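The values are calculated or read from the model by the stated rules, or taken from the named source; none is laboratory data. Just so we're clear, the structure is a prediction, and the values are computed from it rather than from any experiment. Cβ placement follows ideal geometry from the backbone for every residue including glycine, while neighbour counts extend to all protein chains displayed. Quick note on the areas: whole protein, heavy atoms, side chains included, nothing else; ligands and nucleic acids left out. Shrake-Rupley method; radii C 1.70, N 1.55, O 1.52, S 1.80 Å.
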Amino acid sequence: MNATAPSHHTVMRSQLGRARGLGSGHSGTEYWIVERVSAASLLPLSGWFVIQMFRLGGADYEDVTKWGGKPVNATLLAALVATSFYHAEAGLQVIVDDYVHGKATAPAKLLVRFGCGIFGLLGLVSVLKLALGRKG
Amino acid sequence: MQDVREALYVGSRSDGKLIRRPMSPHLQVYKMRLSMFLSISNRITGVVATAGSALGVVWLAALARGPKSFAKARKVTGNPLGQLVLFGWIVSLVWHTVGGLRHFIWDAGHRYDKKELNEDGPVAIGVIAGVGVTLATALLATSCCRARHRAKLLKKAS
């Protein structure tokens, strides 16, 4: 909250009156659940990815594309990318909620959604191209 | 009105003039403790891990684009600065994972007393340092060795 003088002269109803008696928002737990479920899903997916990176690190283009062309690898990689950015979006939104106040909140949240969405989609499209778009 | 919480800060002085009531002091009055550091570092490493994942997706896109783009991406990941970024990404991921696992334990209703929190903090630091540095070093070393080995084989073949 910014340290300005109270601006409640501009509204007929007092600000306390507006805030009081509304009770709980009846929503909000979904963010908490989204964070936990995606985090739990990321544990096995990340473990799989670490093992794959040990097998693949330093390999050349042909080997890596061959790896990405296998259906199971492509599926798990797509799941990892999607879950990662889903989890990142949920986490970054909470950070924006906590630290960005006033007029900047909405654009910051939109930016988080847009950024996570675009990078997630770029990852998914790349995985699909590796899996489906092979010549010959 | 920008923030409904402002409503709770409206007070009046003895002469009747409306004022903004003072806020109680927050973080600045507390001594920095390990649990505070681990709490905020979980958020920071989450942001860093996201940035690293975005770069990872760029690598994936370069791979999907073709051999030329992949060669460019390999130049970046093979560069000392690129290796440092990869190292930082892996360590942040391990850090954020350890923090997340602690959250799972707390959510299940365990290890959430002051004494237990203070006991587990240094353990978390140890696990992060041990697993993070070992994993990052092992992955980067494996990749470097394999890349060099491949390059040697290619030279012999040509």
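Some points to look at:
- Of everything in segment B:1-38 that is surrounded by 12 or more Cβ atoms within 10 Å (Cβ to Cβ) and more than 10 Å from chain A (Cβ to nearest Cβ), the residue that is farthest from B:His96 (Cα to Cα) is B:Arg33.
- When B:Gly132, B:Gly121 are checked against the criterion of being part of a helix (DSSP H, G or I), within 12 Å of B:Trp95 (Cβ to Cβ) and either open to solvent by less than 70 Å² (accessible area, probe 1.4 Å) or charged (D, E, K, R) (or both), a single residue qualifies: B:Gly132.
- Per-region count, segment A:90-126, residues within 7 Å of another protein chain (Cβ to nearest Cβ) and under 23 Å from B:Gly66 (Cα atoms): 4
- Filtered residue count, segment A:50-89, keeping only those that are of a type in the set (Phe, Trp, Tyr) and within 21 Å of B:Arg65 (Cα to Cα): 2
- Qualifying residue in segment B:73-80 (condition: within 13 Å of chain A (Cβ to nearest Cβ), among the hydroxyl-bearing types (Ser, Thr, Tyr) and not in a helix (DSSP H, G or I)): no
Residue-by-condition table, conditions (1) free of Cβ contacts under 8 Å to residues at least 12 places away in the same chain; (2) open to solvent by less than 40 Å² (accessible area, probe 1.4 Å):
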{"residue": "A:Glu30", "(1), (2)": "yes, no"}
{"residue": "A:Ser41", "(1), (2)": "no, no"}
{"residue": "A:Ala59", "(1), (2)": "yes, yes"}
{"residue": "A:Thr65", "(1), (2)": "no, yes"}
{"residue": "A:Gly91", "(1), (2)": "no, yes"}
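- Among the candidates B:Ala129, B:Ala147, B:Ala108, B:Ala136, residue that is without any contact (Cβ under 8 Å) to a residue 60 or more places away in the chain and over 19 Å from the mean Cα position of the chain (by Cα): B:Ala108
- Checking B:Thr142 against (1) of a type outside the set (D, E, K, R); (2) over 24 Å from A:Arg36 (Cα atoms); (3) facing chain A (nearest Cβ under 10 Å); (4) open to solvent by less than 40 Å² (accessible area, probe 1.4 Å), the condition it does not meet: (4)
- Residue within segment B:87-96 that is surrounded by 18 or more Cβ atoms within 10 Å (Cβ to Cβ), within 13 Å of another protein chain (Cβ to nearest Cβ) and in contact with a Leu (Cβ under 7 Å, 6 or more places away or on another chain) present: yes
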